[in-house]
Structure formats: C-alpha cells, structure tokens
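What follows is a set of notes on a single structure, which appears directly below.
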Amino acid sequence: MKIVVIGATGHVGTYLVPGLVTAGHEVIAISRQNRKPYSDHAAWKDVRQVVIDRVEADRKKTFGEQIIKFSPDVVIDMICFTPESAKLLAESLLGQVQHFLLCGTIWVHGFSGQVPTVESQPRKPFGDYGIKKAALEEWLLSFSRKKGFPATILHPGHIVGPGWIPLNPAGNFNPEVYKTLMTGKELILPNLGMETVHHVHAEDVAQAFIKSINFRNNAIGECFHVVSPQALTLRGYATAMAEWFGKEPDLKFLSWEKWKKSVSEQDADATWDHIAHSPNCSIEKARKAIDYNPRYTSLQAVKEAVSYLIEHKLL
C-alpha cells in the first residue's frame, strides 16, 4: 500500500517508516523541514521525503489537498494537536483513503482514577495539551461513526528511545537526576515518590501503528493505549536506576510545596504535569484487538536511552 506519514522524522517515525518499508509498503514521509531521523536505516533510501509546513497549510486550508495529491491508501498523522487541524484533514480525506491513523496521548484521561486505566473510562482531561487531544479524539471518533471515516487513534505514554533524554524518576527531563543516581548521591523526590509514570519505547509505538494497519477491521473506529506492560512509581524507578548504576539508592522525600522550591521552575512545572496525571494504563484492549505486544518494559526502554546518552558523552 501507499502510506503517507505526517511527522515522519520524529521519535516514532524513526522506527515507523523503516518498519513500513520493510513490510513492503511505499512510504511518503512528510515533515516540516529537512531533518534526519534519530537513527539511520537503509530503508530510508526508498522513502520519498517531502517538506510541507502544516501550520501554514492549515492556515490556508490546503493541507488535506496536498496530502490527497499523493493518492495514499493510508495516512498516519503523528503531529495533529487540535480538533480544528484534525477536521481540516479528515474531511478532505473522507472517501479517499482506506485507513487514517492518528497519534494521541494517554493524557486524554486526566487524573488517574481506577488503575490500570482502560480506554472506556470517563475522560477528565486537564491542561491545554490533554484537553485539546481529548476534544480531537471525541470529534474524530464521532466523525468515524457518523460518516464511516476509517479512523484509529493510538495513545502513547512517555515516549523513550536512543537520542533524547527520557522522563526521569523525578518526573521531569533534567539529566542531572541520572547523574545523581549514577554517583550514589542523595536524590530528593516529591511527596512519597508513589506517583506513577508510564513509558513506552518509540519502537513499540511504531509496532502499534503497523499492527493497526494489519488488523484494520479491528482497529477502525477505536482508540488504544500504547504503553509498556507496567507503569513505574517514582520511588521504584529511582531505586531501579540507582541499582543499575551499581549504587545503593539514597532517596529523600519532601512535600510538594517544599520540593518544588528545591528545583527550577521549569523542572517543577514538568514534574507537576506528570505526577498530577500519574498515568497507569492497561494495554489489554490493544493486545486483543491488534496483537500489540511491547518488546520493552519501561525500565528496559529507559536503560537503552540512558546508555545511549552515556556512550555519546551526553550525560
């Protein structure tokens, strides 16, 4: 099949595009600028790469027309963030494609209630990103039911892979947290360290998109969580990483109000976003419907990413 991937050179696209080519598909990779994927793969030589500024195209309401010109059988949208942008594209593609797949986020759920969270639980999103993604999903799945538009939405957790800093045990992206654990120094965590984070390797997200195409009849009109088999508590995550570095974990805990004063405003904001959500999501629906079978646990994915940082002297 001919498959257009929008946002093809990002974290997931680095694995998704070669996977599609290897499976025998013709791939057209759309990106906003000429950018190399995070890792090289021989399959990229067989990919047609096209630069389109989506923001500008959406402003002119021409993005859908530009995608249709490629005559795709399948369109995968990795970078849609608003209901308005989704509507412009989906309405243009109606009757033109066999399958439309969109990348969402587990943050559509908002606060965790009963865990592990399943896809059908009531949504109470908060924060601009989660609210817009939830509204996008609601509109797109309604459009799918009413108009027969062949849509599938995949909700990844905290995406991890070689080449970028993974979400750390303090719930932010400051690499100094790993240095602290690596050297056996005291690491201070907020509250009791029992909030959760739920990672997923970018390769496993790519797997879910490919399997959704393979199991198209089960996937259309549905949304799926795409995460590792288990979430991590901050405390458990920090302990496991310290031990991996060969150190005895030295953890201290402070109330949120005291802890946030011990870090930068940027780190505090990132941590609050993550621990307020404390995602812990089930993948049983994806396992049964599209045979999603993650290769990586959360810790395996993080360790691979941190190993890359160490090997390339980025940590």
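Table for the structure above
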| quantity | calculated |
| --- | --- |
| Leading residue by the ranking (surrounded by the most Cβ atoms within 10 Å (Cβ to Cβ)) among those in the stretch 240-287 that are of a type in the set (S, T, N, Q) and part of a helix (DSSP H, G or I) | THR271 |
| Residue tally, condition among the aliphatic types (A, V, I, L, M) and without any contact (Cβ under 8 Å) to a residue 40 or more places away in the chain, over the stretch 1-25 | 2 |
| Only one of ILE210, ILE220, ILE283 that is assigned by TED's automatic domain parsing to the domain that holds HIS25, farther than 17 Å from LEU189 by Cα and in contact with a Leu (Cβ under 9 Å, 6 or more places away or on another chain) | ILE210 |
| Single residue of ALA206, ALA170 found to be touching a strand residue (DSSP E or B) at 6+ places or on another chain (Cβ under 8 Å), modelled with pLDDT of 95 or more and among the small types (Gly, Ala, Ser) | ALA170 |
| Tally, over the stretch 21-49, of residues that are exposed (fewer than 15 other Cβ atoms within 10 Å of the Cβ) and not small (Gly, Ala, Ser) | 9 |
| Pairs with Cβ under 7 Å, 6+ apart, first in the stretch 173-192 and of a type in the set (Val, Ile, Thr), second surrounded by 14 or more Cβ atoms within 10 Å (Cβ to Cβ) and not in a helix (DSSP H, G or I) | VAL177/ASN168; VAL177/PRO169; VAL177/ALA170; VAL177/LEU187; THR180/LEU187; ILE188/LEU254 |
| Filtered residue count, the stretch 176-194, keeping only those that are of a type outside the set (Val, Ile, Thr) and touching a strand residue (DSSP E or B) at 6+ places or on another chain (Cβ under 7 Å) | 9 |
| The stretch 212-235: number of residues that are touching a residue at least 24 places away in the same chain (Cβ under 8 Å) and part of a helix (DSSP H, G or I) | 8 |
| Spans of helices (runs of 4 or more DSSP H) in the stretch 1-90 with at least 2 residues hydroxyl-bearing (Ser, Thr, Tyr), modelled with pLDDT of 95 or more and within 19 Å of ALA208 (Cα to Cα) | 13-22 |
| Filtered residue count, the stretch 288-315, keeping only those that are outside any helix (DSSP H, G or I), of a type in the set (Lys, Arg) and over 18 Å from the mean Cα position of the chain (by Cα) | 1 |
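The values are calculated or read from the model by the stated rules, or taken from the named source; none is laboratory data. Nothing here was measured: the structure is a model prediction, and the numbers come from that model. FYI the Cβ positions are ideal-geometry reconstructions off the backbone, even for glycines, and counts take in every protein chain you see.
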